[in-house]
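The next block holds one structure in the form of structure tokens; read it before the comments.
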Amino acid sequence: MPAIEIKPNVYWIGVNDRTTDLFEGLWPIEQEGISYNVYLINDEKKALIDLVRGMKTDEFLDQLAQVADLTEIDYVIINHMEPDHTGALCTLRKIAPNFTILGTPKTKDMLQSFYGITENVQAVNNGDSPCFGATSLQFVHTPFLHWPETMMTYDVTHRILFSCDAFGGYGALRGGVFDDEYPDLEFYKREALRYFVNIIAKFTSPVLKAIKKLADVPVDIIAPSHGLIWRKNPGEIINLYRKWAEYATGSAEVGVTLIYGSMYGNTEAMMNAVAHGITREGVPVEIFDAARTHISYILPSLWVNRGVMIGSPTYEGLLFPPVAQVIEMAAIKRIQRRKAAMFGSYGWSGGALRHLKKLIEPIKWELVDSLEFIGHPSEEDLRKGEEFGARFAAAVKEAEKGE
Ligand SMILES: Cc1cc2nc3c(=O)[nH]c(=O)nc-3n(C[C@H](O)[C@H](O)[C@H](O)COP(=O)(O)O)c2cc1C
Ligand SMILES: [Fe+2]
Ligand SMILES: [Fe+2]
């Protein structure tokens, strides 16, 4: 894509990555892709804000060459050390050893431990405001968003917030870089939520702290390092992030995430009856086969819904492993305080329910009901299953009234 001038002397010079299958070696993006957005302040002093993954270095240098020469760059501002934004750094230093790297004091330490870089590194304080000509910047430390060294860079002159991972999302750019270039933002909003839950969710309190810190800063443009630049309505992505972060402590939405697994269809047969009962009550339900759906796509549903229905047969005295893995990941991502219920088939002595109780105790999921049966569910079992689903949906709605 061509370099794009966002404001006078401020350019987007990012690259799309459509070949990485798993972001952070874990989260699928083969369908969606991701962008590494780099920004150039092309003033009397020239500064790059964040870089790209190592494998994209050549493409990035071509992008930069459209506007400036690497050897003219005075500063590289590192908002965040994760290699999706710093992978190109060592190569760049070999080509142009003279630019100064700016980052938080922790970034300075990490540059040494990650890349052995100690020369021409300058730590910046929260609030430092360098002037690069007509353009003044300000650094805002935002620790643990989502690493300890993270900061944001604010362009005071043009009111642009270069927020790095915060307010970013999966999804390669489809030809445009701005929110106002897309008539429908659903794809980017959905992928921003998936990214938020996969990458940032554990750090909701730093998200809210950062939003608070920025409350008095006039922001016309949010320019994250992944995904869209929000120019038409920067408040939209800030409000989404705030809303998602608040779900961690406040109440989530009225809805049920139904996660199930089934080896021979017995639990699956019951799943249909339970889902029918939930739907009968008018509560939205999203259904995931845990063995066939990557956790990355289940977590956003768990994050936004206050109800979790778990369907699992007993497997060697425990939950069906793919179902257990989803709950374990939900715990890692601190998806807490959900209303839960469990159903499932077993063959002789069971054990899935016992295992579930152990897993959900630390994350404070309240188990309000359970329905276990032996082998294939009878007609009577299925009738009970539908009622069980409806009762749970009513409890999920009730939780709303109580708050
Ligand atoms: C590999 C395997 C391990 C199992 N382990 C247990 C067990 O430890 N305890 C038990 O009560 N049933 C166990 N079962 C029986 C299943 O829970 C039972 O067949 C159930 O109906 C399967 O439901 P599904 O068709 O939904 O997978 C096991 C079945 C399989 C195939
Ligand atoms: Fe990151
Ligand atoms: Fe990132």
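The values are calculated or read from the model by the stated rules, or taken from the named source; none is laboratory data. Just so it is clear, the structure is predicted and the values come from calculations on it, not from any experiment. Note that we place each Cβ from the backbone using ideal geometry, even for glycine, and neighbour counts take in every protein chain shown.
Quick notes on this structure:
- Here is the figure for the range 47-60: residues that are in contact (Cβ under 8 Å) with a residue 12 or more places away in the chain, surrounded by fewer than 21 Cβ atoms within 10 Å (Cβ to Cβ) and more than 16 Å from ligand 2 (Cβ to nearest atom) total 3.
- Selection status of Ile221, in contact (Cβ under 8 Å) with a residue 60 or more places away in the chain, in contact with a His (Cβ under 8 Å, 6 or more places away or on another chain) and surrounded by 19 or more Cβ atoms within 10 Å (Cβ to Cβ): yes
- Among the residues of this structure, Ile238 does not count as one that is touching a residue at least 24 places away in the same chain (Cβ under 8 Å), part of a strand (DSSP E or B) and of a type in the set (Val, Ile, Thr).
- If you check Glu59, Glu30, Glu24 for being away from ligand 1 (no atom under 16 Å from the Cβ) and either in contact with a helix residue (DSSP H, G or I) (Cβ under 8 Å, 6 or more places away or on another chain) or outside the structural domain of Leu173 (by TED's automatic domain parsing) (or both), only one passes: Glu24.
- Of all residues in the range 347-368, those that are hydrophobic (A, V, I, L, M, F, W, C) and part of a loop (DSSP other than H, G, I, E, B) total 3.
- Qualifying residue in the range 200-208 (condition: in contact with a strand residue (DSSP E or B) (Cβ under 7 Å, 6 or more places away or on another chain) and within 18 Å of Glu286 (Cβ to Cβ)): no
- Qualifying residue in the range 140-150 (condition: without any contact (Cβ under 8 Å) to a residue 40 or more places away in the chain, within 22 Å of the chain's Cα centre (by Cα) and within 16 Å of ligand 2 (Cβ to nearest atom)): yes
- Matching residues, the range 102-136, being touching an Asp or Glu at 6+ places or on another chain (Cβ under 9 Å), free of Cβ contacts under 8 Å to residues at least 60 places away in the same chain and not hydrophobic (A, V, I, L, M, F, W, C): Gly103, Thr104, Pro105, Lys106, Thr107, Lys108, Asp109, Ser136
- Within the range 87-101, restricting attention to residues that are within 30 Å of the chain's Cα centre (by Cα) and free of Cβ contacts under 8 Å to residues at least 40 places away in the same chain, the residue that is surrounded by the most Cβ atoms within 10 Å (Cβ to Cβ) is Ala88.
- Selection within the range 172-207: residues that are in contact with a Lys or Arg (Cβ under 8 Å, 6 or more places away or on another chain) and assigned to a loop (DSSP other than H, G, I, E, B). The member of this set that is nearest to ligand 2 (Cβ to nearest atom) is Ala172.
- Restricting attention to the range 84-102 and to residues that are part of a loop (DSSP other than H, G, I, E, B) and within 16 Å of ligand 2 (Cβ to nearest atom), the residue that is farthest from Ala166 (Cα to Cα) turns out to be Ala88.
- Some residue of the range 259-278 being assigned by TED's automatic domain parsing to the domain that holds Arg292, of a type in the set (Phe, Trp, Tyr) and either more than 16 Å from ligand 1 (Cβ to nearest atom) or buried (at least 21 other Cβ atoms within 10 Å of the Cβ) (or both): yes
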